[in-house]
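Everything on this sheet refers to the single structure shown next.
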Amino acid sequence: MSLFCLGNRASFYIFIAIMVAALFVAFSGVSHAQELHNNYQGTYHGKVIEVLNQETREIPGTGTDHLYQEIRAEVLNGPKEGEVITIENDYLELEKGDKFYFNHNVDINGRETYGIVNIDRKDSLMFLTALFVLAVIIFGGWQGVRALFALAGSFFAIFFILMPGLLNGWNPLFASFLVASGILFAAIFFTHGFNRESVVAYCGTMISVLFTGVFAILAVHGADLSGFTADEAVYLNFNTQGSLDFTGLLLGAIIIGVLGVLDDIAVTQSAVVSELYGSNPNMSRREAYKRALRVGREHVGALVNTLVLAYTGAALPLLLYFYLAPTGFGATVNSELFATEIVRMIVGSIGLILTVPMVTFLAAFYLKGYKSKHEHSHYHTR
């Protein structure tokens, strides 16, 4: 009996030892896995000192040739600032003196690896921005300066109000509508002044935005669009742990995307009606409405074409990819990526069409007898 108890006790101790060892191995494995997972050290800035080797290699399994370089580069920031490293580059062709961004990683064996992720374009972007600002100021004068402030306000509203709000759980459609109202207020009143024409343009545009939002809801849900049209949407979903409503984000994006053209047509129609009354104070509201609407139709025709061409130009590589796809035109158009752009173009164009009669009617009614105190100039703020 005692031997049996001793055997049970020994078995119990052996079991405990095995469990402790298993837990140790398990936690060691977790720690090791974390070390493997956390091998990313950061993204830093570098400059090409010398191109050591350059050749063309075939991408395995594709039959496509791609440029390959081995370069020596100086690290311009971070813990290794001032050091010279060797990088294998298969991203874009670099030359001596070019600046770029690269990832620094450390593998399981402690070996440091570097990979180029982007070219440094800051100087070019700053030059183009300065050129744009200069052109706006020279051509637009003081009104151009106000337009730039309105544009800065639009970016501020999007990056510091809309985006943080969406990440904090705001309803995307409601938040986009509120931000759109603020953007339009800045774009219209700061650029064109605080006057009756601006009030008419703002009110008419907001009514159009409301109707456009309703139509966007019907179109997106009718086409069963989920909002997951690109890889970045999937990554964002993972990073936010599925807390975002991507269908709502798509609706908000459609509203924000049409603000520029709605503002354009609204200010133009308001100015046209004001000029008609200015040239003939005795003109009836009905006559002013009919004449301004004729101008609006011409403007709409041009802007709808502008919308379609803008979306087409932005998606040209995608269109070429689908053009070469063996699935056929019907299947291509049916894909969510393609269908989303079609819905975006149609909703934007309908919102644009709705804006013309609404703003023209308000202008014909409220600007009768109003004397404009400034010259009209049709200026695009976006």
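Tabulated results
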read-out: For region 273-323, average projected area of the Cα convex hull in nm²; value: 4.5 nm²
read-out: Footprinting exposure proxy for Met163, Met283, Met126 (fewest neighbouring C-beta atoms within 10 Å first); value: Met126, Met163, Met283
read-out: Cα-based equivalent ellipsoid of region 32-179: semi-axis lengths in Å, sorted from largest, via gyration tensor; value: 39, 25, 16
read-out: Count of lysine pairs in the chain with Cα separation under 18 Å (8 or more residues apart, or interchain); value: 8
read-out: Given charges at Cβ of Lys, Arg, Asp, Glu: the chain dipole, positive-most of Asn168, Leu178, Ile87; value: Leu178
read-out: Computed helical MRE - 222 nm, the chain, DSSP H runs ≥ 4 contributing -39500 (n - 2.57), nearest 500; value: -21500 deg cm²/dmol
read-out: Ranking of Ile137, Ile350 by count of other Cβ atoms within 10 Å, fewest first; value: Ile137, Ile350
read-out: Label zone at Gln41 (point 7 Å along Cα-to-Cβ), backbone N below 19 Å, region 98-122; value: 100-118
read-out: Most positive-pole-ward Cα, Ile350, Gln241, Ala314, against dipole of region 123-366 from beta carbon charges; value: Ile350
read-out: Projected-area average for region 127-231 over all orientations - Cα convex hull basis, square nanometres; value: 9.0 nm²
read-out: Rg followed by Dmax, in Å, when region 40-120 is reduced to its Cα trace; value: 13.0, 40
read-out: Axial C-alpha extent at least 20 Å, average Kyte-Doolittle at least -1.0 - helices from the chain (DSSP); value: 2-37, 122-157, 196-222, 246-279, 285-314, 336-366
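Laboratory data are not the source of any read-out in this text; all were calculated from the coordinates shown. Keep in mind that what you see is a predicted model, and the values were worked out from it rather than measured. Here Cβ is always computed from backbone atoms with ideal geometry, including for glycine, and neighbour counts include all displayed protein chains.
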